[in-house]
Every structure is written in C-alpha cells, then in structure tokens.
1. Give the residue, chosen from Arg218, Arg230, Arg261, that is at pLDDT 95 or above, touching a strand residue (DSSP E or B) at 6+ places or on another chain (Cβ under 9 Å) and open to solvent by 10 Å² or more (accessible area, probe 1.4 Å).
2. Tell me which of these Ala310 doesn't satisfy, since it passes every other one: (1) in contact with a Cys (Cβ under 9 Å, 6 or more places away or on another chain); (2) open to solvent by less than 10 Å² (accessible area, probe 1.4 Å); (3) assigned to a helix (DSSP H, G or I).
3. Mind listing just one residue for me: the one in region 327-354 that is assigned to a strand (DSSP E or B) and of a type in the set (Val, Ile, Thr) and, of those, surrounded by the most Cβ atoms within 10 Å (Cβ to Cβ)?
4. Taking Leu141, is it over 20 Å from the mean Cα position of the chain (by Cα), surrounded by 17 or more Cβ atoms within 10 Å (Cβ to Cβ) and in contact (Cβ under 8 Å) with a residue 40 or more places away in the chain?
5. Would you mention how many residues in region 114-138 are open to solvent by less than 20 Å² (accessible area, probe 1.4 Å) and either free of Cβ contacts under 8 Å to residues at least 24 places away in the same chain or within 15 Å of Ala229 (Cβ to Cβ) (or both)?
6. Going by the conditions given, is Gly207 under 30 Å from Thr240 (Cβ atoms) and open to solvent by less than 50 Å² (accessible area, probe 1.4 Å)?
7. Scan region 80-100 and tell me whether some residue there is open to solvent by 60 Å² or more (accessible area, probe 1.4 Å) and in contact with a Ser or Thr (Cβ under 8 Å, 6 or more places away or on another chain).
8. Based on what the data block shows, is Thr18 at pLDDT below 95, more than 22 Å from Asp362 (Cβ to Cβ) and open to solvent by 50 Å² or more (accessible area, probe 1.4 Å)?
Amino acid sequence: MSQQHSRQELLPPSTPATGSAGVTVFASPTSWIESDAVAQCHQVAALDGMVHVAAMPDLHPGKGAPIGAAMASTILYPFLVGSDIGCGIAVFPVKLKRAIPEKLAARFPDLDRALDPEQDADDPAWAAVKGDIPAGHVEGLGTVGRGNHFVELARIGTVFEPDHASRLELAAGDLVLIVHSGSRGLGERILRAHTEVHGAGPAPDPGAYLAMHDDAVRWGSLNRRLLAARVAHALGTEPTEPIVDQCHNLVEIRDGIYLHRKGAAPGDGRDVLIAGTRGTPSYLVAAHAGPHANHSVAHGAGRKMSRADALRRGRAKHTVEELRRTPMGSLVVCGDRQLLFEEAPTAYKRIEQVIADLVDHDLATPVATTIPLVTYKTPDLGSTPQGDHRDHRRKRGRP
C-alpha cells in the first residue's frame with residue numbers, strides 16, 4: 001500500500017540490524033508518532049525469531065517494548081505482552097429511564113474495593129461468574145485498577161453503519177457500559193516470575209507460560225463482567241452480557257507463529273471498541289486487518305505525553321474541577337488528583353486521527369461513536385453516599 005510505503009520512508013534513520021524483521025507503521029505522515037516508539041519497534045524487530053512488527057496509529061513508548069504494536073515471532077517473549085496480561089475493553093448494553101450524569105456519578109460503587117468471595121457472598125454481582133475463578137486468584141476481584149483503566153457510562157452517538165449496529169442491537173441514544181481493565185495482580189505475578197529468572201529473554205517453556213497466560217486472559221474477561229455487574233446493580237438496572245469483549249494485551253499462536261499484542265486489539269473480523277479519552281468520543285469499529293497488519297488494530301487514542309509531562313503541563317493549564325467536567329458535559333469520578341492530570345484528554349492523541357489512519361489503511365470500518373456521560377477512575381469519597389460507606393464497613397467486619 002502506498003501510504004505504508006510513504007510512512008516507512010519517514011522512519012528515523014537509525015537502521016535496524018541486518019536480519020531484522022520488517023516494521024510497518026500504520027499511520028499517516030502527519031500523525032503524532034514519537035521517534036522513541038519507532039526506535040523501540042526496531043529494537044523488537046532485531047530480536048531472534050522476529051518476523052514482523054506492525055505498529056498501530058496509537059503507538060507510543062512503553063517500558064522495554066512499544067505500546068500499540070503487534071509483533072509476530074517464532075519465539076515467545078513474555079515481556080512483549082507485559083504485566084497486564086488480559087487487559088481489554090468490553091461493552092455492555094444497559095437500560096436506564098433517565099441518564100442524568102450528576103445523579104448517576106454519585107451512585108457508582110467503590111471499585112477500588114475488591115469483592116470478597118466469603119464476606120461479600122450475597123453480592124448480586126457474583127451472578128456474572130460462571131464456573132471457577134481462573135487460577136483461583138481471588139485478589140482484586142471486581143476492581144478496576146489505576147492508570148488508563150476505567151468504567152464508563154456512555155450513550156451511542158453517531159451511527160455510521162446502521163445495519164451493523166442493528167445486528168448488535170444498538171441504536172443512537174442507547175446506553176452502554178464500557179469497561180477497560182485487565183488481570184490486576186495476576187498478570188504482574190506471571191511476568192515477574194519469568195523476568196526474575198530470564199529477564200527479557202524468551203519463555204524457556206512456552207506451553208507452561210501460555211497456560212498461566214490463558215488463565216490471566218480469562219480472569220481479565222471475568223473481571224470486566226464483574227465490574228459491569230457491580231455498576232449496573234448500583235445504577236438500578238440489570239447486568240447484561242457484553243456485545244464486545246476484546247483483549248489487547250496477549251499472545252496467540254497464529255499459523256504456527258507467536259503473535260504478541262501489547263496495546264493492540266485483534267483485528268481479524270471482530271468488533272472492537274477503540275477508546276478515546278474522558279473528553280472525547282470512543283469508536284466502535286468493525287475490524288478487518290489482514291496479515292500485513294498482523295491481524296490487529298489500535299486499542300485507543302494512545303498517549304501523547306508521559307505521565308510526568310501530563311502532570312506538569314496539566315497543573316499549569318487546568319484546575320481539578322475543569323478536569324472533572326469535560327467539554328462534552330460528562331463527569332469524571334476520580335478522587336486521585338494526580339491521576340486526573342495524568343489522564344487528562346490533552347495527554348492523548350486525537351482519537352479522530354487514529355480512526356482515520358485505520359480507515360485509510362483499510363484496517364477497520366467505524367460502526368458508531370460512544371459519548372461519555374460518567375467516567376469512573378477511582379472513588380471520590382466526598383461524593384459517595386454515606387450508606388455506601390457504612391455498608392462497606394459492615395461487610396468487612398468493621399465496627
């Protein structure tokens with residue numbers, strides 16, 4: 001494709017080592033792509049066994065490996081997936097009579113507080129658990145985590161593909177819960193066990209790693225269901241099954257090759273929710289990426305600033321209250337002021353450009369936008385109903 005060719009001509013002059021795999025950046029020449037992130041792609045491409053690195057338009061530097069890339073290799077490298085194995089985004093339809101952000105924001109439960117299988121045995125959210133808890137990992141169940149993770153109540157905005165949306169039983173104005181979370185401590189434990197012995201080296205026993213990895217992927221999906229169920233019950237509605245649930249931190253075996261995705265969603269004929277920011281729409285897309293893109297698409301807007309830069313610039317430009325109510329009229333529930341600045345919309349690339357790059361490279365077709373109403377990051381204890389605090393203390397056995 002001509003656009004891919006022209007983009008590759010713009011890559012930094014740091015020539016990869018002889019024998020390195022090819023690197024393709026699926027972005028337009030005007031898109032914000034940091035040279036450090038591209039350099040990381042070339043470092044990965046030089047690893048033994050690497051076949052191809054496909055970088056998405058949300059590409060940005062990560063710890064040791066780029067985020068927003070799909071990396072195909074004959075050798076399995078756990079560090080290319082990272083510690084949040086199983087992280088993904090799920091979309092759950094919900095029905096509410098009236099969606100007034102101010103009222104609903106105060107009803108979100110404390111999603112920093114884990115559900116205890118014994119002390120919280122009567123919590124109705126457990127109905128979302130079908131079968132055993134993967135790996136028997138009960139720590140952190142029903143929690144959203146930090147960083148860019150969130151639970152968001154949103155409404156369907158513009159519908160680009162009515163037929164496709166109707167197959168998902170979606171129409172403009174419908175409400176959905178969007179859940180972005182991963183495997184919490186389980187994935188971190190799996191990666192740490194590997195790196196303490198092998199560092200960034202390959203998995204000596206791919207089968208053993210994949211067995212643990214698969215547990216973490218299943219755990220992440222289960223946890224997204226638990227989170228959606230907790231919020232649905234708190235908002236006074238019934239939980240539903242997800243219409244989209246795609247993991248973007250995982251490795252899969254495809255055509256005998258290990259396909260590592262780190263911040264890249266499966267793009268082989270699946271529906272994917274590509275997250276925008278707290279103050280912009282997200283996009284539900286029909287993904288149709290082929291082998292040239294390692295069967296992958298972007299997973300979000302992608303960071304434009306480091307967390308330190310976002311914190312420094314944000315404090316100089318915004319107030320806390322400005323970040324708690326977005327220009328779209330939505331509310332952000334976040335009691336962690338530092339996180340509010342780190343996750344400000346200005347810290348991210350323009351989601352519209354990311355989507356345009358996917359469309360231009362024929363990797364995805366937009367189906368509909370989702371417009372945020374309430375985005376939950378961490379509990380804002382100042383606005384949590386008092387009864388909720390008392391219930392939590394009672395369930396945890398406190399006086």
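1. Among Arg218, Arg230, Arg261, only Arg230 is at pLDDT 95 or above, touching a strand residue (DSSP E or B) at 6+ places or on another chain (Cβ under 9 Å) and open to solvent by 10 Å² or more (accessible area, probe 1.4 Å).
2. Going through (1) in contact with a Cys (Cβ under 9 Å, 6 or more places away or on another chain); (2) open to solvent by less than 10 Å² (accessible area, probe 1.4 Å); (3) assigned to a helix (DSSP H, G or I) one by one, Ala310 breaks only (1).
3. Of everything passing the filter in region 327-354, Val332 is surrounded by the most Cβ atoms within 10 Å (Cβ to Cβ).
4. Spelling it out, it is not the case that Leu141 is over 20 Å from the mean Cα position of the chain (by Cα), surrounded by 17 or more Cβ atoms within 10 Å (Cβ to Cβ) and in contact (Cβ under 8 Å) with a residue 40 or more places away in the chain.
5. Count: 3.
6. No, not satisfied.
7. Yes, region 80-100 has at least one match.
8. Taking the combined requirement at face value, the residue satisfies it.
The values are calculated or read from the model by the stated rules, or taken from the named source; none is laboratory data. If you're wondering where the values come from, they're calculated on a predicted model, not measured in any experiment. Quick reminder, even Gly has a Cβ in these numbers, built from the backbone with ideal geometry, and neighbours come from all protein chains shown. Heads up: the accessible areas ignore ligands, DNA and RNA and are worked out on the full protein's heavy atoms, side chains in. Shrake-Rupley method; radii C 1.70, N 1.55, O 1.52, S 1.80 Å.
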